[in-house]
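To start, the structure under review is shown below, and the notes come after it.
The values are calculated or read from the model by the stated rules, or taken from the named source; none is laboratory data. Since the structure is predicted, the reported quantities are computational estimates derived from the model, not experimental observations. Here Cβ is always computed from backbone atoms with ideal geometry, including for glycine, and neighbour counts include all displayed protein chains. Just the protein is used for accessible areas: all its heavy atoms, side chains included, with ligands, DNA and RNA removed. Shrake-Rupley method; radii C 1.70, N 1.55, O 1.52, S 1.80 Å.
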Amino acid sequence: MKAVVYDAWGPPQEALDLDQRFPRAFIEKDSDNVLVKVMAASVSYRDFREVRGDFKSVKSRAMPRILGTEVSGIVEAVGERCWKFRPGDSVIGIVPDGAMAEYVSAPEMHFVRKPKNMSHLHAAAFPMCGLLAFQCLYKYGDLKEGEKVLILNASGGVGSLAVQMAKYKKATVYATASKHVEMVESLGADEVLDYSKCNWWEQLRGYNFDLVLDFGVGYSAWKHSEMVLNPSGGRFVTIVPDTVDGPVEFFNYMVGIPMRSFFAGKRYTYVDGVDLSNYDHFIYISKIVQSGKLRPVLDPDSPFEFTPRGMRAMVDKLATKHTRGKLIINVACSTGQSV
Ligand SMILES: NC(=O)c1ccc[n+]([C@@H]2O[C@H](COP(=O)([O-])OP(=O)(O)OC[C@H]3O[C@@H](n4cnc5c(N)ncnc54)[C@H](OP(=O)(O)O)[C@@H]3O)[C@@H](O)[C@H]2O)c1
């Protein structure tokens, strides 16, 4: 089958290849796995960093690997222990073994039904990003109705969904972006600061946020959020697996800031990926999408073709670090099917 793969860490422009003869995904008969024909898949900056080898010391991965983790597609076959889906069902899901391929397989609990009011192209944009945004806001961030939240990097795949989810729960939302300030405002944010023109921690000092979410900044967000968090009960949640420069910064990042803040009544959490054991979260989000209250944002250059040229264009766009929402690959275009 065709798949976007890499077999060594390196610059994504060089390491990635559209392999035409990658072994096709399959499922064991006696399993709870589903085989899905992929219609569309999405990619984020984290995937880019993964290919580069930024996390190789903490996550050893067998090579070759398929790029991406989020798909929308149609169930082709199910293992004997599956009970949720049948062949022909449209699903969206999270595929840890890689998404950008004609077929993928994963346990059925990694999938939910695709919202009917949405194309595969849009639906591929939110399985992991949506779940991550939801869990950062509510599971780790404990956001309550009417609280005040600051979302750093609100224009990416995760941030653009988090803004909408926080507004859904009637939070007051402040956000940061630069090229995409207007887009974030259009999602309902109450105020959007351009991080290229001002320091948010100076502008918002003393605003006493109940929650600060970091969806792309890293060390500087840990350091400066102290200045804007509510001194009693403020929470900070980050998903950025940052690489820090030296041992002193590393200690400060992982131990110093959280300890200091803990004694000052704040809580710091690093979230290393979605928690798939909370299947009810997945169902909940797809219901909000179904209700029309949550819409994934696609980068204007999406979808990319599932061809060597399309793959290169997608990687070049990702490298700019200014993608808007999600980058999508139209996998089914290779077979001429409508998505
Ligand atoms: N822990 C996990 O499981 C996990 C999973 C997925 C992603 N991540 C991480 O989460 C982060 C967000 O991923 P994503 O896919 O949602 O977003 P993304 O695609 O990386 O975000 C792109 C956006 O980042 C903004 N941006 C760039 N530099 C910024 C800065 N210094 N401050 C604020 N915004 C900045 C740009 O906005 P403007 O163009 O408006 O400037 C651009 O629209 C990444 O760091 C990724 O590695 C972690």
Charge dipole of the chain built from unit charges on the beta carbon (Lys, Arg +1; Asp, Glu -1), centred at mean Cα; most positive-end Cα among Ala189, Gly79, Met227 is Ala189
Flagged as over-length at 23 Å C-alpha distance, from Lys169/Lys321; Lys139/Lys287; Lys84/Lys116; Lys29/Lys84; Lys2/Lys116, the pairs are Lys169/Lys321; Lys2/Lys116
Once both label points are put 7 Å beyond Cα along the C-beta direction, the Asn117-Lys293 separation in nm becomes 1.1
If every Lys and Arg gets +1 and every Asp and Glu gets -1 at its Cβ, then about the Cα centre segment 133-270 yields a dipole, in debye to the nearest 20, of 360
Carbon plus sulfur, as percent of the 1.4 Å-probe accessible area of the chain, comes to 50
Simple SL model, points at 7 angstrom along Cα→Cβ for Arg52 and Lys144; separation in nm is 4.0
Quick tally, 1.4 Å probe accessible area for Lys148, Lys197, sorted with the most first, runs Lys197, Lys148
Segment 133-270 accessible area per residue, 1.4 Å probe, protein heavy atoms, integer Å², reads 43
Checking segment 18-112 for GluC sites (Glu not before Pro) in a loop per DSSP with at most 12 other beta-carbon atoms within 10 Å yields Glu28, Glu80
Under 19 Å by backbone N from the virtual spin label 7 Å along Cα-to-Cβ at Lys197, the residues of segment 205-227 are 205
The size of the Cβ-based charge dipole (Lys, Arg +1; Asp, Glu -1) of the chain about the Cα centre, to the nearest 20 debye, is 480
Extension length gain for Arg312 and Lys84 (0.36 nm per residue less Cα distance), in nm, is 78.4 nm
